[in-house]
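Okay, so here's the structure we're looking at.
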Amino acid sequence: MDPQTFALAAARFGLDLSLKVTFLLALVLLTLYGLRRLSASARHLVAMLGLAGALALPLATAVVPSFSIPLVPRLLPADAVDADDTALPPSESAVEMPVAAEAASGVPAAETRFKEPAPAPATPPWTPQSIARLLIAAWLAGAILSLARLAFGFRRVRRIADDGRLVGDAAWTDAADELARRLGISRAIRLVASADVPVAMTSGIRRPVLLVNDAARKWSPERRRVVLLHELAHVRRGDWLTLVVAELAAAVYWFHPLVYLARREARRSCERACDDLVLDHGTKPSVYAAHLLGIVRSLKPATARALPVMAMARPSQFEGRMRAILDPGLHRRGPTRAEMRGAALGVLFAVLVLSAVQPWSDRSASAAALPAGADQVASLWTPADVRSGGSTKHQKPFCPKERGRESIRSASPNPVPAAPEAASDAGFVLASKWKSGKVRLESCDSYERGMRLHRRERFDEAIEAFQKSIDAGCREEAASYNIACGYALKGDKDRAFEWLAKAEAAGFELEKYLESDDDLDDLRSDPRFAALQHESKDRKMAAKRDAAREAAARYERLASQETKDGNAFYESALHLLKNGDYALSAKAFHRSAELGNRPGTSFYNEACALSLAGETGPALDALRRSLENGFDNPSHLADDDDLEAIRKDPRFPELQTLAEELQTPSVEIWKKWLRSTNRPAWREAVEHARKAALRHPTLGRAWFNLGYAQIRGEQPDAAVVSFRKALDLGYRRSASLYNLACSYARLDQKDAAFDVLFQSLAAGFGEEETLRQDRDLDNLRRDPRFRKAQQMIDAREDREVAEN
């Protein structure tokens, strides 16, 4: 097939797909419009199925047998070539006239033997082929630009994740672990803080990363919880994968407005579905709305660049989400499995029907304009012709998984106290506490209107709007403070101080904002301002002293009861650390480690507490124990401010070196994805781990790391020896036994593998997802004993649920 014919066939195929995508997405959007009261998760499912169906249509059209239903005129002819192609080439037009024709023509042969070539007809400026080539070039340019933008976004997200700082604050990591367990997420999730992150967001599906701004360390515990819960909801739902599908559909069909409508609906419904999950886990709508509002107001336009991530807050979606959060009658139940299957089958049926239908009529809309004789030219490809030729191979990329080990979570022991939730531009207070009872949506709109008016410096109108919000019982304390800011900016100091007093009386935490809010600058020279600051600080210090006494009393109760609950001591230690009781906090963390509760993290936090208390020697000893028990973040030793007091000690550099030597073996990410580089890279990691084990032969963690590298490097026989040594040295019994079982399984020693696997389960290993997906155990899955192992984990989970 010549290039011109191919171009016309490809353009016809593209127009065919465009029409089918239009029918499919129109059906999806009409369904969503007709079922407006569907839950957000159900709407997201329908929108994503439509976009996935649009991506599947090209392949389905190429393989499904077709039949014709003429509905629309053909925009490009089925059989046409350029007009100049109808003229014979010179070598054929200056042909010899047959001698036999001489008699019939009546012209002497000598005169007719050779004829001059007929002049070629004029070529029209726009032929079907030229139009087809133009359409193909335009589509390719748009698709390449869209895919390049998407690839750049992925690269930028990865750079942010790689360059960011791992969040080691125990308050963050512990909250993330707890919420992940509540949501049933077994995958390890990295928490990374970076100044390049405008708002909390998640990326990735197999090994997700949760990105937050550096300023998030100042968030209150309540805001931290709702943000983590929202982002972990994205991980649980697999929303990042659906985002990629939506972006690919938009790249392929960049010219189609219905694709963008469906993508917008999918994004909006995705965020609202996660909002519903946050509310379903006990967060009050008013509290969640206040935090979301604070996050949106803190965004800067310069940072709102498109990234292929699940971002918690986008200004363009804010108003609709707020209304949905505060609507008590909204349906929030997600679709059942039966409903999901039904929706998937419905879209699949629509895709198959559309792929089989050829909607073009036989006669082109512009047939009269075609060059004469075009209908006698060889026919072009139709979609059916495309289906009959060629094949496409889909090769699944090799993607090794890090299995066979428990994740080592680190935590910085310095929970940051609650921080202000003020906006960055006008000093608005966005967090608020709602009165009990139902609040009409109109009353909250007056608060939003007040903020917009304040932003435009229309202070009188803003004060009036905030007053209406107070009268309606909506965000009284925040509205009172904003009224004070308005009066301060107007120069009415008396009214400003009056409303500041009202805000504090209503429960507003005034002390947080007096120092930083520039809306109050005109009040700072007034003696009343200094008195107000002093009173607010006194109240805050009194509250902190009360909290410290309560935390100490809680620890004493735990110690007197001789409880074996290590997590209870850990939580008590966090409260003590937050309130400045470093000595008791160190004791509580030490007790948590002794009881086997996250020993690496507990010892590390003990070291931080001792460092803050000025106990240099004990702090260094606790830090060494944390490294020996699995603390796996060497960067924390250099970055954590809590360790500042012990960094000048001569022993500290030795511990930094030890932390680097005992870090869990890994290889560069790009090497993991290539078979040609994966195995050699792991062999290099084995040699590094072997040297560390020889330097520290009495440390079980060094032998555990060596075994882990060996099993990843296809050396299961050597891994058996290393994990046995780790067990002999008492290092992480459950994890060491599990990895030993994986090593035996890789050696096809099933009896030994099951014997050790049951020992690991008895020792506390309970990661059902790891057991279910670990490829190292593939040759054990058909054995009845594997089902028994799964049942042991299920029974343990049932007991834990019953106990709680």
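Worth pointing out:
- Peptides 269-278, 551-560, ordered by how many other C-beta atoms sit within 10 Å of their residues on average, highest first, read 269-278, 551-560.
- Segment 720-804 shape via C-alpha gyration tensor axes, a/c threshold 1.5: oblate
- Using a cut-off of 22 Å between Cα atoms, the listed pairs LYS284/LYS564; LYS284/LYS502; LYS537/LYS578; LYS218/LYS512; LYS218/LYS502 include LYS284/LYS564; LYS284/LYS502; LYS218/LYS502 as exceeding that distance.
- TRP254, TRP139, TRP219, TRP682, reordered so the largest accessible area comes first (probe 1.4 Å): TRP139, TRP254, TRP219, TRP682
- Rounded Å value of the spacing that divides the Cα centres of segment 176-228 and segment 638-663: 26
- With θ taken as phi - 60° and the Karplus curve 6.51 cos²θ - 1.76 cosθ + 1.60 applied, the whole-hertz 3J(HN,Hα) list for segment 491-503 is x, 8, 5, 4, 5, 5, 5, 4, 6, 4, 5, 5, 4 Hz, x standing for glycine and proline.
- Derived scalar couplings between HN and Hα for segment 206-215 equal 7, 10, x, 10, 10, 9, 10, 6, 4, 6 Hz in order, rounded to whole Hz, by the Karplus curve 6.51 cos²θ - 1.76 cosθ + 1.60 (θ = phi - 60°), x for Gly and Pro.
- Across PHE765, PHE758, the residue with the most accessible area heads the list, and the full order at a 1.4 Å probe is PHE758, PHE765.
- Grouping the Cα pair distances of segment 542-642 into 10 Å bins from zero gives a pair-distance distribution of 18, 47, 29, 5, 0 percent in increasing distance order.
- The candidates LYS578, LYS284, LYS20, arranged from most to least accessible area with a 1.4 Å probe in the full protein assembly, appear as LYS284, LYS578, LYS20.
- Using the Stokes-Einstein relation with a Kirkwood hydrodynamic radius computed over Cα pairs, the translational diffusion coefficient of segment 541-581 at 10 °C and a viscosity of 1.306 mPa s comes to 154 µm²/s.
- Between segment 591-614 and segment 239-289, the Cα center-to-center distance that results, in Å: 41
- When the convex hull of its Cα atoms is viewed from all sides, segment 168-255 shows a mean projected area of 6.3 nm².
- For segment 156-306: span of alpha carbons on each principal axis (Å, largest first): 47, 35, 33
- For segment 673-779: rounded, prolate or oblate by the Cα gyration tensor [a/c cutoff 1.5]: oblate
- Computed accessible area, THR616, all protein chains, 1.4 angstrom probe, square angstrom: 40
- The magnitude of the dipole of segment 150-233, with charges of +1 and -1 set on the Cβ of Lys/Arg and Asp/Glu and taken from the Cα centre, is near 260 debye.
- Segment 213-271: C-alpha gyration tensor shape, a/c 1.5 cut-off, then a/b vs b/c: prolate
- 3J(HN,Hα) couplings calculated from phi for segment 576-589 with the Karplus curve 6.51 cos²θ - 1.76 cosθ + 1.60 (θ = phi - 60°) are, in sequence order, 5, 5, 4, 9, x, 8, 5, 5, 5, 4, 4, 4, 5, 5 Hz; Gly and Pro show x.
- HIS291 accessible area, 1.4 Å probe, all protein chains in place, Å² to nearest 10: 10
- Near PHE154: Cβ cut-off under 13 Å, other residues only, Lys/Arg at +1 and Asp/Glu at -1. The net charge is +3.
- Residues whose amide H falls under 5 Å from that of GLN358, counting only those 5 or more places apart or on a different chain, are PHE67, SER68, ILE69, with hydrogens built in the peptide plane.
- Distant-in-sequence amide contacts of LEU191, defined by a placed amide H-H separation under 5 Å and a gap of 5 or more residues or a different chain, comprise VAL167, LEU210.
The values are calculated or read from the model by the stated rules, or taken from the named source; none is laboratory data. Here the structure is a predicted model, which means the values were calculated and not measured. No Cβ is skipped: glycine too gets one built from the backbone with ideal geometry, and neighbour counts run over all protein chains shown. Keep in mind that these areas ignore ligands, DNA and RNA; they rest on the heavy atoms of the full protein, side chains included. Shrake-Rupley method; radii C 1.70, N 1.55, O 1.52, S 1.80 Å.
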